[in-house]
Each structure stands twice: as structure tokens, then as C-alpha cells.
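For reference, the structure is listed below as C-alpha cells.
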Amino acid sequence: LSQSRPGRIYVAPPDRHLVVEPGYIRVTRGPKENRFRPSVDVLFRSAALAYGSQVIGVVLTGSLDDGAAGLYAVKERGGIAIVQDPFEALYPSMPKAAMKAVTVDHCVSVTEMGSLLVRLTNETVEEEAGNPPDDKMEIEVGVAREDNAFEQGVMKLGTPSIYTCPECHGTLLRLKEGNLIRFRCHTGHAYSLDSLLVEVTKGIEDALWNTLRAIEESELLMRHMAGHLRESNDSETEALFLQKAEEAKRRADLVRQAVMSHETLSREKVSENALHH
Ligand SMILES: [Zn+2]
């Protein structure tokens, strides 16, 4: 925790969230959001809670939809939302997702960004322009601040879904903000729809490799047993085990094909695939 001073640039260190509080900057190891720490959504949401209409959130190039939920909080509290023009962005999906989640105030190229920020930071803003912070925003910032998510009332954030958290396997609650759907488990991990899809499809690959390993292990074990039976002159049972080992090998080949053709999916990837076909 350190006092925030004007005219300084604060950058989150790796593996830590940067949480803005009135007059202070806090560095935490709170649960990951969209698989990331630092998370831009944590930063934006905490700034929105602390400074309301005085906040300007900028989303630049990037994959998936990080920043969209944070920008939603910024706008809720009367702040200003800026995105880099997706047409010039190397990875347009972050600015695009932000534009779907909120009505952005400015969509500009990076070359125009500097002068726009100088102009905006010199304007006077009404302090009570946006909505007062709601309980949910306070709970979510509390979770990032390393508070006990359960005691903070994380269960009040949404309704239980049928999905489980890829990180801790806890039940995920479904949160709805405008047209944004997000998830958060009771220990505190948060996911956008897109980042949850990426994690779930990654999980399938892990599970397939695990299945392949188990089948191959069973095949090897059965061949080992067949060898043992040969030594004890039980050729009838040996043949049975060799047959079963062959069956296992064929099943392993099927799983190997499945794992090779498996892909980790996101909204961006699905649209790209559609373009190439
Ligand atoms: Zn979790």
C-alpha cells in the first residue's frame, strides 16, 4: 500500500493486481480475473469505485475480452471510456469487446490518444455524474484486495450456474451487467464468457492427454502380464491379455486422433475459422 501522487505512472508488477483506493495504490495477490494477475478489470473497477466520474479507462489492442467488464464499471460510475480503433489494433478483440459492452466515448487511433488524454484531463468533471457505487462493485473490489470472498458476500453477486471454476472447481455464479455475462466462483476467481470458453476447451485437451496416458499404461501393463503368463506356460490366458492389449491400442489411437484435432476456442478463433472456410 502506498500513497498515490499526481504526475506519476503506476504499473502493476507481474503476478500482482493493482488496486486503486482513495489516495492510495495497493498491490495484491487477490484471485485471478480472466486468468490474469494483474487484471485490467480489477484496476478499472477499483478506480471506478474510488474515483467515479474522474476516471478515464483506455482499452488498447489485445486478445479476448479483458477490459470490457472494467470499462463497464468505469461507465457505471460516470467515467470516460476510450478504446483504440479496432481497425488499427494488432489484436482487435479487446477494443471490439469493450465497444459491445459499453457505449464508448472515444474510439481513436494511438496517435490521437495522447492529445485526447491531455484535453480530457484538463476538463473539470462533475463529481456526482455517475451512479453511486453498488454493493456488488464493492464486493468485487474487496475480493481483489485479498478479502475473504465468501465473507465479503460473493454469493450475492449472481445466481449459481451449472459451470465450475477451471482453477478451483468451485461452483461459478453467473453475473449479468448490461449485455455482459460474467462468472465468479465462491473463492473469488472471475471469468468472462470468452475466457471461460478458452479454459474449458483447454481442460478438454488436458483430460484427453490424461485419458491417452491411462489407456497406454493399461496396454503396457497387459503386455507385461502376458509376458509373465508365457513364462508360466499359461498360453491361453496370455493370448487373452494380448488381445485385450490390442483393443486398448486401438482405443488409444482414437483418443490420440481426438487430441490432435482438438482446439482451444475463443470468440476470435471461431470467427477466424469461419473466415478461412
Ligand atoms: Zn475458483
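The values are calculated or read from the model by the stated rules, or taken from the named source; none is laboratory data. Computed from a prediction, not measured in an experiment: that's the story for all the values here. Neighbour counts are summed over all protein chains in view; Cβ atoms, including those assigned to glycine, are modelled from backbone coordinates with ideal geometry.
Per-structure values
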read-out: Criterion violated by residue 130 - all others in (1) part of a loop (DSSP other than H, G, I, E, B); (2) within 16 Å of the ligand (Cβ to nearest atom) satisfied; value: (2)
read-out: Selection within the range 181-199 - part of a helix (DSSP H, G or I) and within 13 Å of the ligand (Cβ to nearest atom); value: 195, 196, 199
read-out: Hits in the range 165-180 - residues which are surrounded by fewer than 16 Cβ atoms within 10 Å (Cβ to Cβ) and more than 8 Å from the ligand (Cβ to nearest atom); value: 171, 176, 178, 179
read-out: Verdict on residue 142 being in contact with a helix residue (DSSP H, G or I) (Cβ under 9 Å, 6 or more places away or on another chain), small (Gly, Ala, Ser), away from the ligand (no atom under 15 Å from the Cβ) and closer than 20 Å to residue 52 by Cα; value: yes
read-out: Flag if residue 160 is in a strand (DSSP E or B) and surrounded by fewer than 19 Cβ atoms within 10 Å (Cβ to Cβ); value: yes
read-out: Which numbered condition residue 234 misses (of (1) at pLDDT 95 or above; (2) farther than 30 Å from residue 158 by Cβ); value: (1)
read-out: Close pairs from the range 150-178: first within 17 Å of residue 135 (Cβ to Cβ) and aliphatic (A, V, I, L, M), partner more than 15 Å from the ligand (Cβ to nearest atom) and assigned to a strand (DSSP E or B), Cβ under 7 Å, at least 6 apart; value: 173/159
read-out: The range 1-57 - residue that is in a strand (DSSP E or B) and among the aliphatic types (A, V, I, L, M) and, of those, farthest from residue 197 (Cα to Cα); value: 25
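So that you can scan it fast, the table gives a plain yes or no per residue for (1) touching a Phe, Trp or Tyr at 6+ places or on another chain (Cβ under 7 Å); (2) more than 24 Å from residue 200 (Cα to Cα):
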position	(1), (2)
132	no, yes
136	no, yes
140	no, no
152	no, yes
157	no, no
161	yes, no
164	no, no
173	yes, no
183	yes, no
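This table checks each residue for (1) surrounded by 23 or more Cβ atoms within 10 Å (Cβ to Cβ); (2) under 23 Å from the mean Cα position of the chain (by Cα); (3) farther than 25 Å from residue 270 by Cα; (4) small (Gly, Ala, Ser).
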site	(1), (2), (3), (4)
36	no, yes, no, no
42	yes, yes, yes, no
51	no, no, yes, no
59	yes, yes, no, no
86	no, yes, no, no
108	no, no, yes, no
